[in-house]
Amino acid sequence: VEPATRQELVRIAREAVSNAARHGRARTVRLELSNGGRIRLRIADDGVGFEPNRVDRRKQFGILSMRERARALDADFRLASAPGRGTEIEVILP
């Protein structure tokens, strides 16, 4: 990928890993980067998880910044989480 795209993907990954440690209390975080036609970054953790629809908007700056970075790349941003089930973030470039 272009250097600017790579930089944004690294920033998204860094934020996701930081959130997993700081908020999710994850013991394991897995990062995957694949190129099977479309470049896909996946970050998954085994942390405490949360209800994405119940997060206080004033406290979700990290999620918002990851979403905006993905949007700037014209990429799909997917977030899946549930209490007790960890969190998974995917960024899929066009």
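The values are calculated or read from the model by the stated rules, or taken from the named source; none is laboratory data. In this text the structure is predicted, and so the values were computed from the model without any measurement. Note that each Cβ is placed from the backbone with ideal geometry, even for glycine, and that neighbours are counted across all protein chains shown. Protein only, heavy atoms only, side chains kept; ligands, DNA and RNA dropped before computing areas. Shrake-Rupley method; radii C 1.70, N 1.55, O 1.52, S 1.80 Å.
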Q: Determine the pairs where a residue that is part of a loop (DSSP other than H, G, I, E, B), located within the range 21-44, has a partner that is surrounded by 14 or more Cβ atoms within 10 Å (Cβ to Cβ) and among the charged types (D, E, K, R) with Cβ atoms under 6 Å apart, the partner being 6 or more residues away or on another chain.
A: 24/45; 26/45; 26/46; 27/46; 28/46
Q: Quick one: in the range 1-17, of everything that is β-branched (Val, Ile, Thr) and in a helix (DSSP H, G or I), which residue is surrounded by the fewest Cβ atoms within 10 Å (Cβ to Cβ)?
A: 10
Q. For the subset of the range 34-43 comprising residues that are more than 19 Å from residue 86 (Cα to Cα) and not small (Gly, Ala, Ser), which member is surrounded by the most Cβ atoms within 10 Å (Cβ to Cβ)?
A. 39
Q.
I'd like the residue in the range 18-30 that is in contact with a helix residue (DSSP H, G or I) (Cβ under 6 Å, 6 or more places away or on another chain) and over 18 Å from residue 68 (Cβ atoms) and, out of all such residues, is least open to solvent (accessible area, probe 1.4 Å).
A. 26
Q | The one condition in (1) farther than 16 Å from residue 17 by Cα; (2) at pLDDT 95 or above that residue 52 fails to fulfil | A | (2)
Q. Which of the residues that make up the range 49-94 are over 19 Å from residue 14 (Cα atoms) and assigned to a helix (DSSP H, G or I)?
A. 52, 53, 54, 57, 58
